[in-house]
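Report on the structure given below.
The values are calculated or read from the model by the stated rules, or taken from the named source; none is laboratory data. Since the structure is predicted, the reported quantities are computational estimates derived from the model, not experimental observations. Here the Cβ is made from the backbone with ideal geometry for all residues, glycine too, and neighbour counts use every protein chain on show.
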Amino acid sequence: MRTVRDVHARTVQAPAATVGALLDRLAGDDDPLFPVPVWPAMRFDRPLGVGATGGHGFVRYRVTAYEPGRRLRFGFPGGGHHAIEVAPLDAGSCRVTHVLEHRLTGARQAAWPLAVRWLHATVVEEILDNVERAATGTVRTPARRSRWVRLLNRVLWDRPTAVAVPSGARLARTAFARTDFQDAWQLPLPPGMPRDPDAWKGVLRGAFPEKGRATTADGGEILLGQDARHLDFRASILVESPAAGPDGRTAGHGGRVTLSTVVRTRTTGGRLYFAAVRRVHPVLARAMLRRTHRRLALAAPSAGEREWAARAPRAGYRHRTRP
């Protein structure tokens, strides 16, 4: 068994009270610090506080200590912890420190130096970037993702889940009186991802004409497609935002995007053609949705940028661009 200790710290030119207020929103629907949507969001089974259980991605932990505005400590099920602390330096600056101590057993002893160490370091540095950005509007030395981290990010990216054509995809469901094939693939839509269906039209490679669009109470749908002598097809891109629950928190923390396909064959040749195509269609549909999902996430503003943009006009700040 091996114990690792990893420390990251950043001096932020903002009062400790300002940074502490940001820390208190960690894991919330408007979390200004965790680097979403590029990395899986930190989520718990209840509001932030001692006893809350959750984690981010495949990493699980529990809140074991919480001093509002000052310190958070998370315990791992197998032992060890990670913690983040805000310490004032003077009236206008503070020190933010993240410490990880974890006992590695079994396969984790190999996974840490090969992958987890690099992913952990990148996520923590991007959290500190968001602290600095949200509090000051700029980051002096932004974190950079290495090629290895970018590869791991690509490999670990969420994969679409097969679902029934959603009830909200009304254009797809009513496109044809009769359909010979239909399927739908879905991915979560984390905070920061575009909610405009137009942004997702690039999921289909090729210029297919628009056949319709609709706006719903919680999102919108665009229908693309093409008609031919042998068959007609429609591809629906449905973007849905989550509904707020009784506690005011949003179910799903961001919404979802669904790519649905419906096909109507016209001739015997069309049926034979699609009998072959339908074997590769699911693979292509999943790949196109996943690729577009990751591309849009990587292009999205960071949590710190979203927070600064939201609070700067209210506070009368002048927006500072990324160096």
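Odds and ends about this structure:
- Selection over the stretch 172-217 of residues that are surrounded by 14 or more Cβ atoms within 10 Å (Cβ to Cβ), under 23 Å from the mean Cα position of the chain (by Cα) and either of a type outside the set (A, V, I, L, M) or assigned to a strand (DSSP E or B) (or both) gives a count of 14.
- Only one of Ala244, Ala251, Ala175 that is of a type in the set (Gly, Ala, Ser) and at pLDDT 90 or above: Ala175
Residue by residue, here is whether (1) among the polar types (S, T, N, Q); (2) in the same structural domain as Phe34 (by TED's automatic domain parsing); (3) under 19 Å from Asp129 (Cβ atoms); (4) touching a Pro at 6+ places or on another chain (Cβ under 8 Å) holds:
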position: Gly57; (1), (2), (3), (4): no, yes, yes, yes
position: Arg60; (1), (2), (3), (4): no, yes, no, yes
position: Ala65; (1), (2), (3), (4): no, yes, no, no
position: Leu72; (1), (2), (3), (4): no, yes, yes, no
position: Phe76; (1), (2), (3), (4): no, yes, no, no
position: His81; (1), (2), (3), (4): no, yes, no, no
position: Glu85; (1), (2), (3), (4): no, yes, yes, no
position: Gly92; (1), (2), (3), (4): no, yes, no, yes
position: Thr97; (1), (2), (3), (4): yes, yes, yes, no
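- Matching residues in the stretch 122-141 - criterion: being crowded, with 17+ Cβ neighbours inside 10 Å and part of a loop (DSSP other than H, G, I, E, B): Gly137, Val139
- Residues satisfying the stated conditions in the stretch 142-170, i.e. in a loop (DSSP other than H, G, I, E, B) and either free of Cβ contacts under 8 Å to residues at least 12 places away in the same chain or over 18 Å from the mean Cα position of the chain (by Cα) (or both): Pro142, Ala143, Arg144, Ser146, Ala164, Val165, Pro166, Ser167, Gly168, Ala169
- Taken over the stretch 57-114, the criterion of being of a type in the set (Asp, Glu) and surrounded by 15 or more Cβ atoms within 10 Å (Cβ to Cβ) is satisfied by Glu85, Glu101.
- Per-region count, the stretch 1-28, residues part of a loop (DSSP other than H, G, I, E, B), farther than 17 Å from Arg70 by Cβ and in contact with a Leu (Cβ under 6 Å, 6 or more places away or on another chain): 0
- Across the stretch 95-106, the number of residues qualifying as modelled with pLDDT of 95 or more and either among the basic types (Lys, Arg) or touching a Phe, Trp or Tyr at 6+ places or on another chain (Cβ under 7 Å) (or both) comes to 1.
- Restricting the stretch 218-238 to residues that are closer than 18 Å to Val257 by Cβ and of a type in the set (D, E, K, R), the residue that is surrounded by the fewest Cβ atoms within 10 Å (Cβ to Cβ): Asp218
- Looking across the stretch 77-94 at every residue that is part of a loop (DSSP other than H, G, I, E, B) and at pLDDT 95 or above, the one that is farthest from Val12 (Cα to Cα) is identified as Ala91.
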